[in-house]
Amino acid sequence: MSDKDIMLPVTGMSCANCAMNIERALRKLRGIKEANVNFAGEFASVSFDPDKIQLEDIILAVKDAGYNVIVPDDTGDDAEQSARNAEIKDQRKKFFVGVAFAAPLFFLSMSRDLGILAAWAHGAWVNWLFLCLATPVQFYTGWDYYRGGWKSIKNKSANMDVLVAMGSSVAYLYSVAVLLFPLLKGHVYFETSAVIITLIRLGKMLETGTKGRTGGAIRSLIGLRPKKAAIIENGIEREVPIVEVKVSDVLVVRPGESIPVDGKVIDGESAVDESMLTGESVPVDKHPEDNVTGGTINLNGFLKIEATRVGKDTALARVIRLVQQAQGSKAPVQAMADRIAAIFVPGVIGLAFFTFAVWWTFTDDFVNAMVRMVSVLVIACPCALGLATPTAVMAGTGLGAKKGILFKSSQALELATGLDTIIMDKTGTITHGRHVVTDLIVLNEGLMDEDEMLRIAASAEKASEHPLGRAIVSEADARGLKLGQIGEFRAVGGLGVQAGIDGDIVMVGKPEWFEGPSLAVSNAAIRIKKLQEEGKTVAVVALNDSPVGLIALADVIRPESKGAIRQLHEMGLRTVMLTGDNLRTARKIASELDIDEVIAEVRPGEKSQKVHSVQEEGRKVAMVGDGINDAPAIAQADVGFAIGTGTDIAIETGDVILVSPDLKGVPRAIRLSRATMKTIRQNLFWAFFYNMALIPIAAGALYPIETLPGFLRHLHPILAALAMAMSSIAVVSNSLLLTRKSVDR
């Protein structure tokens, strides 16, 4: 049995160390192939062998590590959303309880210290009042930090909860000791412990809300999945849950409704908004035999469709899986942050005790040394380090999904930044991948006109399965020409077709077929050569042994290709076209599009070798393709781009999927990659800078500089807690700016 991939929503994590605890617990299990935990997204991405381990065992391992798993129910994501909402509600409740007790405690304590209150404020009973106000904050609002810290220590590591629990407990327990043992005659710090916990709870609450917005794109995609569908059975229409729809069912979609599943139009015409899938805002006209995608919006017509893909097989479900897969993976740049986070908390605890020892030794002031230690404990922020990369990846991949760009992994997102060469397959990528009629030339204008010449050629070709023949018939249909009755038909392999049409003999085929004494086409030779030099395929049309016209066909360049290649050049990238066409045709197309280099006359099996040759020149290469024969080259490239309208094997091989065939998706993807990596670097810089700058300040490094403001020389634990709470929010907010980034230019 093949490996199985799952994504499990996890609750109870407080920092990157929690994520690493879960990863370690999972990787110890037999049958686990890979386990990555996204702290920002709060989920575990696990690949496992179902023959060796079951889902229940994985869930149990996460719970044994001290965290909770949300198991989705049959209704989809309702269970996860309900659990997330309950968690946010619990955080708010604990915060407001903290405010209700900490606010009066803070104002009473500060007013007493500043001499604002009368002599009654110095009575012994006031300290007992402070204890009564501080205790609910310490052990209700702050209980999660004790519980999380204990679980972390049980797992032989230390997380942010340990720092918060230690810092607040030192201030609280010292104050209790002063209260119980009057001989100590010290100042109580109940307001310090209470405000520290309340501020950090505020920070986590705001962080959760802001962090949730970075994953808004995936929730938007999930929200596009219709819940119900109108199905027709035995001529009767009835509404059923979407999970009951099966392949081949006939569905009705009215104007304004979401198309329930992937299908094929069997009746009706309409315009469909596919922007959620392709990122393109222009509606697409749909007619019978056209394909439609589940989750897109039927705008203005009545459609009857036959279901072709349902459930997990739909295009929307695949897009959601790919986005989740990318968000669940770890970018290489995150490895450094993970290594630092693993030793960060123990290092901070050691530094805090060192700070306490130094200040007590040299000042003989226990209280001042304790305050310094508390400041160091609560100002340190491993969360900012843990959030720096995953929040940016979530925002970047989410924006990509909205633009029709699907990164399969965060590694692909990172690697795309360093690309310097873009190799593109011609057929189906730069061009439409299908021939159309471009020129109609009548050799004897006195005998017939263009339409008549096309009509007899299409009449002969309508029995042919050759792509060029179908292109000729399509052009005739587009012009509304009535085709003649076909009589005896014969296909001459590799040359053309011959058919009886309305009593005449019509031949359509390659010029070489007509080279001979009876069918000399010397009068058309110059025209044929000119068309071929333009990269076009020429078919000669003959009526009763006399050539009457020429039909030129070409695989037409996509209108957006020129603009896409221009954008790649503006970004400093070298462009290469890879094709099996002859060099003359390839150079013609390359010249028209201003492509830097042409690699022509390449056999399908040689494409990956050509990509490898370019890589050996020291270049970082992307390969863009859509066909089966492109798959090895896509796999060989540093980053493989697969056109989403191409073959399944190319899509499976690619690192980046472009849902739309628009080649402009390539520069968009690279811009998005660069913007995401820029955000990650900014986040990591500020996370490191914050900790490297403020932890020494909290320890008293600026105390000797008397010209500095007092709040810097004596950083109070409350200010330290506020700074710690805001640091994570700053990192997440910076990532959130990515969702507003324009990647079109």
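The values are calculated or read from the model by the stated rules, or taken from the named source; none is laboratory data. Treat the numbers as computed from the prediction; the structure is a model and nothing was measured. Glycine gets a Cβ as well: all are built from the backbone with ideal geometry, and neighbour counts include every protein chain shown. Just so you know, the surface numbers come from the protein's heavy atoms only, side chains and all, with ligands and any DNA or RNA stripped out. Shrake-Rupley method; radii C 1.70, N 1.55, O 1.52, S 1.80 Å.
Odds and ends about this structure:
- Counted charge near GLU414, where neighbours are those whose Cβ lies closer than 13 Å (Asp, Glu -1; Lys, Arg +1): +4
- Prolate/oblate/rounded call for region 432-556, Cα gyration tensor, a/c under 1.5 rounded: rounded
- In terms of the mean number of neighbouring beta-carbon atoms within 10 Å, the peptides 239-246, 665-672 order highest first as 665-672, 239-246.
- Cα-only Debye scattering, region 333-389: base-10 log of I(q)/I(0) at q = 0.27 Å⁻¹: -0.97
- Region 312-341 and region 1-71: distance between their alpha carbon centers, rounded to Å: 14 Å
- Degrees, to the nearest 10: 334-363 long Cα axis against longest axis of the chain: 20 degrees
- Pairs over the 25 Å Cα-Cα cut-off, from the set LYS426/LYS664; LYS33/LYS204; LYS156/LYS408; LYS204/LYS408: LYS33/LYS204; LYS156/LYS408; LYS204/LYS408.
- Only protein heavy atoms count here; on that basis, with a 1.4 Å probe, LYS286 has an accessible area of about 20 Å².
- The residues of the chain expose, per residue, 45 Å² of accessible area to a 1.4 Å probe.
- Average Cα contact separation per residue, region 246-309, under 8 Å, 6 or more apart, as relative contact order %: 52 percent
- Within straight-line cross-link reach of LYS228, lysines at Cα separation under 23 Å, skipping those fewer than 8 residues along the same chain: LYS246, LYS264, LYS286, LYS304, LYS312
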